[in-house]
1. Just to verify a result, which residue in the range 60-107, among those that are of a type in the set (Phe, Trp, Tyr) and more than 18 Å from the chain's Cα centre (by Cα), is nearest to Ser149 (Cα to Cα)?
2. Would you mind finding the one in Arg181, Arg110, Arg131 that is within 21 Å of the chain's Cα centre (by Cα), under 27 Å from Glu77 (Cα atoms), modelled with pLDDT of 95 or more and of a type in the set (D, E, K, R)?
3. With respect to Val147, determine if the residue is of a type outside the set (D, E, K, R) and in contact with a Pro (Cβ under 6 Å, 6 or more places away or on another chain).
4. Report, ordered by the first and then the second residue, all pairs with beta carbons closer than 7 Å, sequence separation of six or more or different chains, a first member in the range 50-61 that is in contact (Cβ under 8 Å) with a residue 40 or more places away in the chain, and a second member that is among the acidic types (Asp, Glu) and in a helix (DSSP H, G or I).
5. List every residue pair whose Cβ atoms sit under 7 Å apart, with the two residues 6 or more apart in sequence or on different chains, where the first one lies in the range 17-29 and is farther than 12 Å from Gly85 by Cα and the second, anywhere, is acidic (Asp, Glu) and modelled with pLDDT of 95 or more.
6. As an exercise: evaluate Ala316 against (1) buried (at least 18 other Cβ atoms within 10 Å of the Cβ); (2) aliphatic (A, V, I, L, M); (3) closer than 19 Å to Tyr55 by Cβ and give the number of the one condition it does not meet.
7. For the range 257-276, state whether one or more residues are closer than 22 Å to Thr43 by Cβ, out of contact with any Phe, Trp or Tyr (no Cβ under 7 Å at 6 or more places or on another chain) and free of Cβ contacts under 8 Å to residues at least 40 places away in the same chain.
8. Any residue at all in the range 265-281 that is within 16 Å of the chain's Cα centre (by Cα), surrounded by fewer than 22 Cβ atoms within 10 Å (Cβ to Cβ) and not aliphatic (A, V, I, L, M)?
Amino acid sequence: MVRITIASVLIVISSATNCHWNLYDKLSPPHGTGWRGAVVDDTRFSSVKAWEEHYGFPLHLKRVFKGNNWQSLTPDEITFVKHGGIILYTVPIRPPLKFTDFNNSEGAWRIKQFAHVIGSVAPAKVMVSLRYEPSLWVDPSKPEHYVGSPAEYRAMWKAFAHGFEEANVKNVVWAMDYSTRATHEEYHPVLAALWPNDVQIDWLFFNMFQYGTDKKRSWLDMFDAAYSNFTALSNVHQTYMGQEYKANYLSAPNWGLGAWGADVKSGTEKQRAQFIEDSAKALNTAKYPRMKGQVYFDTYDANTDTGSIIKGGQKAAYHDLNSINLFTMNDCEAHAIVV
């Protein structure tokens, strides 16, 4: 009897040569679809292919973190791009660096390093995000996490856009990435103050982790709150530190989860699985049309016992999430392997 294995089919899909996801304008997926993304934990997976073989699905989008003098893509990341994969290239800026270190001629070399890396993979497009979760880094009362003011953050965005233009790098797609605070309306004034109106943001990401007061919130409660907040507060005047700001979130054609996961300390293994299962159910509807991608933070730090690693108890739920039409419609066509 002839038998076709799903795992084999999907591995062929991931290695197909016609998966040119990174050539789409603004990296917008086809209408009604989205990108399947993840942080690939290099302590558990030696390559993207290893991640794909483990979970049985092709990876559309990989999130990476880079800084000056360690800005290059790895050989495996370059291979991923050559096969059509999308890179979410994140620049984490933290003390002693400041936003202002990028905002003047003395800091131009920093931006040029990143521009060179992004430009080198053209015509493939690359998402670039600057200082993820920026609202956590603009409070001067917390010097260990203070990188600058919202105005300096916005100026840094403008400097990056100008630097990439000067370097004639045209394959960059700018992505904003807010923290779990997006699920709380009271934090939205500072989020509006951080929005870089001088730069065309094509992806609006927000993150979701069950920390602190969010520990027992459901996935749907958190996601729906953030999605609704961004929708209702787009182009609405908000006051932060005595000044008014207006952020046009709807100008970003694509929204998504830039980093999220069922944290290992958020509940039992069953509760963690339910958090993921709820995402599959909610995203498998037409209720959130601006939702175009998600990046699961599949990592674990044994030293601190932190992370949102997919363990055995979550693997079925994670499979359900990766199986929804939103993502599978972007999986490449390939002939099944008969075994």
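The values are calculated or read from the model by the stated rules, or taken from the named source; none is laboratory data. Treat the numbers as computed from the prediction; the structure is a model and nothing was measured. Cβ atoms come from the backbone with ideal geometry, glycine included; neighbour counts cover every protein chain shown.
1. Only one residue fits best here, namely Phe99.
2. Arg131
3. no
4. Going by the 7 Å Cβ cut-off, the qualifying pairs are Pro58/Glu52; Leu59/Glu52.
5. From residues that are farther than 12 Å from Gly85 by Cα, the pairs are Lys26/Asp202.
6. Looking at each condition in turn, Ala316 falls short on (1).
7. no
8. no
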